[in-house]
Amino acid sequence: MIRLQNATYLVHDHDEALAFFVDGLGFVVRQDETFEGGWRRVVVGPEAGGTGLVLALCADPEMLGHQAGDDVAFFLETDDFEQQHARMLAHGIRFREEPRHEAYGTVAIFEDPYGAPWDLIRPPRMSIG
């Protein structure tokens, strides 16, 4: 078996990024260690597991917010869209649009602190019966 453990996510400041991911999105801190020489490794991810994000400091502000060009690079899936949407709004996360219902689920595009687009999505509920 093979799975993606972590992906690098470029940030300007670790503490600013932690506020976004932990407070705003509800992620947990999986690692926050400072090593000899002052290098800090910070990893966050969804509480339920899955791929984490290594928050890597980026010295070039032009690179921030462009990890996928102008396209959505990250898709945050939730089973309670309304609750997660309200949480994010309460923490000042900017949505580019109102939630919309598509064949693939309820979705709304929001921005990270650097203006990069993300999707908040709840897949369609399957009916049993």
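The values are calculated or read from the model by the stated rules, or taken from the named source; none is laboratory data. No experiment lies behind these values; they were computed from the predicted model shown. All Cβ positions, even for glycine, are placed from backbone atoms using ideal geometry, and neighbour counts span all protein chains on display.
Yes or no, residue by residue, for (1) of a type in the set (A, V, I, L, M); (2) under 27 Å from R3 (Cβ atoms); (3) in the same structural domain as R3 (by TED's automatic domain parsing); (4) at pLDDT 95 or above:
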site: L18; (1), (2), (3), (4): yes, yes, yes, yes
site: G49; (1), (2), (3), (4): no, yes, yes, no
site: R96; (1), (2), (3), (4): no, no, no, yes
site: F110; (1), (2), (3), (4): no, yes, no, yes
site: P113; (1), (2), (3), (4): no, no, no, no
site: L120; (1), (2), (3), (4): yes, yes, no, yes
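The strands (runs of 3 or more DSSP E) found wholly in the stretch 60-129 include none carrying at least 2 residues that are within 22 Å of H14 (Cα to Cα), in contact (Cβ under 8 Å) with a residue 60 or more places away in the chain and in contact with a strand residue (DSSP E or B) (Cβ under 8 Å, 6 or more places away or on another chain). Only one of the numbered conditions (1) crowded, with 18+ Cβ neighbours inside 10 Å; (2) over 13 Å from the mean Cα position of the chain (by Cα) is not met by A59, and that is (1). Condition first: without any contact (Cβ under 8 Å) to a residue 40 or more places away in the chain, under 21 Å from P117 (Cβ atoms) and among the charged types (D, E, K, R). Can you find one or more residues in the stretch 34-45 that meet it? For the stretch 34-45, residues without any contact (Cβ under 8 Å) to a residue 40 or more places away in the chain, under 21 Å from P117 (Cβ atoms) and among the charged types (D, E, K, R): absent.
Going by the structure shown, is T8 within 20 Å of I121 (Cα to Cα) and touching a residue at least 40 places away in the same chain (Cβ under 8 Å)? So T8 does not fit the description; no. Residues that are farther than 14 Å from Y114 by Cβ and touching a Phe, Trp or Tyr at 6+ places or on another chain (Cβ under 8 Å) within the stretch 73-84 comprise F75, L76, listed in sequence order.
Could you tell me which residue of the stretch 21-43 is farthest from D80 (Cα to Cα), considering only residues that are touching a Phe, Trp or Tyr at 6+ places or on another chain (Cβ under 9 Å) and aromatic (F, W, Y)? The selected residue is F21.
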